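Worksheet: the structure to be examined is printed underneath.
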Amino acid sequence: MKKLSLLDKFIAIVNSLLAILLFISFLSYYISPNNISILSFLSLSVPALIIINFLFVIYWILKLKRQFLISTIILAIGFQHIANFYSFEEKKVMLHTDLKIMSYNIRMFNIYNWIDEENIDEKIYNFITTKEPDILCLQEFNPTVKLGFKYPYSYIKTSTKNKLFGHAIFSKYKIINSGSLNFPTSSNNAIFADIIKDKDTIRVYNVHLESLSINPKEDYFTQENSEKLKIRVEKAFKKQAIQTNLIIEHQKNTNFKSIICGDFNNNAFSWVYHTLKKNKKDAFEIAGKGFGKTYNYTFPIRIDFILVDTKIEVNNFKTFNVNYSDHYPIMARLDFNLQTDLDH
């Protein structure tokens, strides 16, 4: 650190420590929380660490110091993760034959008035009706709220403990098979439906993984609260790992091209995401734009996903900034007949 001021020497040390921390956190993408749970905690900090390290690069470049290499090298090593964080250009291919699939955690239509606003259920219904998805996957669905979704086919599964809480798949196309994975010791779940469109059949999974139960408004900065939070979140990470493995094993029982969508309650830097994405494409990465924020929080958090089979073409992806839940709805336009046509 020759020719650096005392302040810059201190900044370089901090920079080095945070660059190392970012590198270690990248490992959470590959290591199950059942093996090293601390890495799963670090995965939550990856978006913030990426931004901080970018700021360090800019700082050193403006000062014409070679210390810009500290963060640049680490960011280059984790380049694939940058694509998970931000997409620069939206793909806009709008075909009449596209299949539009929407995923939305609707938070039980706001029956407990989390949002201080009237007629949230009707606003959710009107929004979805306007966007006209061909397949609609809803998490935290409350079947007692009757809104009259005009879909000829559906599969709805509620929790055995709470009949107001469940998941639903609605489809304009025929459902020939459906079922529930029934996650053990959890009110969360994954359901699936085999859907025929034209000459093709696809399997759609609607997934809601274990919640980390982190409320940003709560005070976690006492020793007692921090310890309770750590224990609770660690348990949730390990449940997510079990649930993810169940989905992967269940998926092996079909030869259909598959789509996994829903609320993962984890980000794109996690082992959960990496595992579910195997042999799949992230529709946001292919066709979205910006941070793809799907959770209503000040920092851009993307925890809702549409992952599609590699043989399916992603033509467009949208995140809709509507405040009817603590999540934002996402929708992808897919052409899954393309590969079939090419094969013939």
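Table for the structure above
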read-out: Verdict on Ile38 being on the phi < 0 side of the Ramachandran plot, modelled with pLDDT under 95 and buried (at least 17 other Cβ atoms within 10 Å of the Cβ); value: no
read-out: Residues being over 26 Å from Asp98 (Cβ atoms) and over 9 Å from the mean Cα position of the chain (by Cα) - total across region 296-313; value: 5
read-out: Selection count, region 159-186, where residues are over 22 Å from the mean Cα position of the chain (by Cα) and crowded, with 18+ Cβ neighbours inside 10 Å; value: 3
read-out: Selection count where residues are touching a residue at least 40 places away in the same chain (Cβ under 8 Å) and either among the hydroxyl-bearing types (Ser, Thr, Tyr) or assigned to a helix (DSSP H, G or I) (or both), scope region 76-86; value: 6
read-out: Answer from Lys92, Lys100 - the residue that is under 30 Å from Tyr151 (Cα atoms) and surrounded by fewer than 13 Cβ atoms within 10 Å (Cβ to Cβ); value: Lys92
read-out: Residues located in region 277-301, provided they are more than 24 Å from Tyr324 (Cα to Cα) and either free of Cβ contacts under 8 Å to residues at least 60 places away in the same chain or of a type in the set (Val, Ile, Thr) (or both); value: Lys277, Lys278, Asn279, Lys280, Lys281, Ile286
read-out: Wholly enclosed strands (runs of 3 or more DSSP E) of region 128-187 bearing at least 2 residues under 18 Å from Thr254 (Cβ atoms) and touching a residue at least 60 places away in the same chain (Cβ under 8 Å); value: 135-141
read-out: Any hit, region 329-342, residues being over 16 Å from Ile191 (Cα atoms), modelled with pLDDT of 95 or more and either outside the structural domain of Asn189 (by TED's automatic domain parsing) or surrounded by fewer than 22 Cβ atoms within 10 Å (Cβ to Cβ) (or both); value: no
read-out: Subset of region 194-210 that is under 20 Å from the mean Cα position of the chain (by Cα) and hydrophobic (A, V, I, L, M, F, W, C) - its residue that is nearest to Leu138 (Cα to Cα); value: Val207
read-out: Selection status of Leu21, part of a helix (DSSP H, G or I) and either at pLDDT 95 or above or assigned by TED's automatic domain parsing to the domain that holds Gly292 (or both); value: yes
read-out: Scan of region 74-105 for residues that are within 19 Å of Leu136 (Cα to Cα), modelled with pLDDT of 90 or more and of a type outside the set (Val, Ile, Thr), ordered by number; value: Asp98, Leu99, Lys100, Met102, Ser103, Tyr104, Asn105
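The values are calculated or read from the model by the stated rules, or taken from the named source; none is laboratory data. What you see is a predicted model, and the numbers here were worked out from it, not measured in a lab. We place every Cβ from the backbone using ideal geometry, glycine too, and count neighbours over all the protein chains shown.
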